[in-house]
1. Can you pull out every residue in segment 225-261 that is more than 23 Å from residue 354 (Cα to Cα) and not in a helix (DSSP H, G or I)?
2. Within segment 33-47, can one find any residue that is crowded, with 20+ Cβ neighbours inside 10 Å, more than 28 Å from residue 185 (Cα to Cα) and at pLDDT 95 or above?
3. Testing residue 418 on (1) buried (at least 19 other Cβ atoms within 10 Å of the Cβ); (2) at pLDDT 95 or above; (3) outside any helix (DSSP H, G or I), one condition comes back false. Which one is that?
4. Anything in segment 101-141 that is closer than 22 Å to residue 55 by Cα and in a loop (DSSP other than H, G, I, E, B)? List them, or say none.
5. In contact with a helix residue (DSSP H, G or I) (Cβ under 7 Å, 6 or more places away or on another chain), surrounded by 15 or more Cβ atoms within 10 Å (Cβ to Cβ) and modelled with pLDDT under 95, is that true of residue 168?
6. For residues in segment 302-316 being modelled with pLDDT under 95 and in a loop (DSSP other than H, G, I, E, B), which is farthest from residue 412 (Cα to Cα)?
7. Out of all the residues in segment 3-20, which are within 22 Å of residue 383 (Cα to Cα) and surrounded by fewer than 19 Cβ atoms within 10 Å (Cβ to Cβ)?
8. Of everything in segment 204-224, what is assigned to a loop (DSSP other than H, G, I, E, B) and either over 27 Å from the mean Cα position of the chain (by Cα) or crowded, with 18+ Cβ neighbours inside 10 Å (or both)? Give them in sequence order.
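The values are calculated or read from the model by the stated rules, or taken from the named source; none is laboratory data. None of these values were measured; they are calculated from a predicted model. Positions of Cβ are backbone-derived with ideal geometry, glycine not excepted, and every protein chain shown enters the neighbour counts.
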Ligand code: FES
Ligand code: FE
């Protein structure tokens, strides 16, 4: 493997403990280097197993800018292949999703089965005996690993394992999935996508920014609290929640202290009493009364996994960079297997009520990203301030992960993301 060219960029200068440079969001050379060092090397979330439930099912995605196919074969094994014909490089599959036992390249007709093996070559007499089909199967992602149905891939053959990469975030994925009375989530309700003219890192940082909700999303927060709880005690200075740097670029807004203070979730679940009784009973059957109560009181965790996966409320979101100043975010509502129908219907509608084109929250964030990107054109002083709460964060030994915890409105989470970013970019 060719060695990586030495970087022309001094990341230690651009990323300091209390400030970062705006250049990190618009420099095309930095973006190119991120593709090599982060997207095409680190663990990246790709798809959920429930998106390809049946033999022949497939979805197409990108890892960084590289097109891939996730398919399930007749033996129910999942494969992750590069969507690139081995003849002259055409993409062999054009659809977002579908069911097919083979992928036939439209250009000269080379055909691959859903395991990626080359099974058909038109006018085969044009190749002599030295041409062996076995050598021309679709390329595979060197490393693929899954946790609770979430499929991650790394395009590098070596590096930390997925377990090592996830660290304490693995337990948070469990917390999200355990809300299902069958211990499984299903991603089969389509996807809500929005694009913005801005750098991908803004969506990642924003996902765990506890400073902005009461301000940027003031109207939405007031509406969601319905006067029941004091907004200040949830996302304000008076909040008892934490911002946590979990290591490896994973970060969390831990609302548990707020939930327990209010004796349950701050935003009350929007389903009927009967449904609630039915759901609780199903949870108790699986987990026992005590554990079920703990899972329900905790509710869904709010966190991100570097570089592209975010869990907030009912869905997970996936960040897809398009270019240095263009990004798409995909929202996948996750349905709880075994939960009453009404709950899953709510989870689905809440996704578009909150994040759809006329939603209460996401349009604010998108506007903020695009204004940021315009602001970065002003380059007389390029520094962005990242020091909020630096003086009051503490080493967080709960759970033994050695992370750092700050006040919920502090930039502990963003500093964690940038610390990992700098480590990866200077490796
Ligand atoms: Fe695919 Fe020629 S490029 S068959
Ligand atoms: Fe927001």
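1. Of everything in segment 225-261, those that are more than 23 Å from residue 354 (Cα to Cα) and not in a helix (DSSP H, G or I) turn out to be 237, 238, 240, 242, 244, 245, 246, 247, 248, 249, 250.
2. yes
3. For residue 418, the failing item is (3).
4. The answer is 101, 105, 110, 114, 115, 116, 117, 137, 138, 139, 141.
5. Criteria met by residue 168.
6. The extreme case among them is 314.
7. Those that are within 22 Å of residue 383 (Cα to Cα) and surrounded by fewer than 19 Cβ atoms within 10 Å (Cβ to Cβ): 7, 8, 9, 10, 12, 13, 16, 17, 18, 19.
8. Once the filter is applied, which keeps residues that are assigned to a loop (DSSP other than H, G, I, E, B) and either over 27 Å from the mean Cα position of the chain (by Cα) or crowded, with 18+ Cβ neighbours inside 10 Å (or both), segment 204-224 yields 208, 209, 210, 211, 217.
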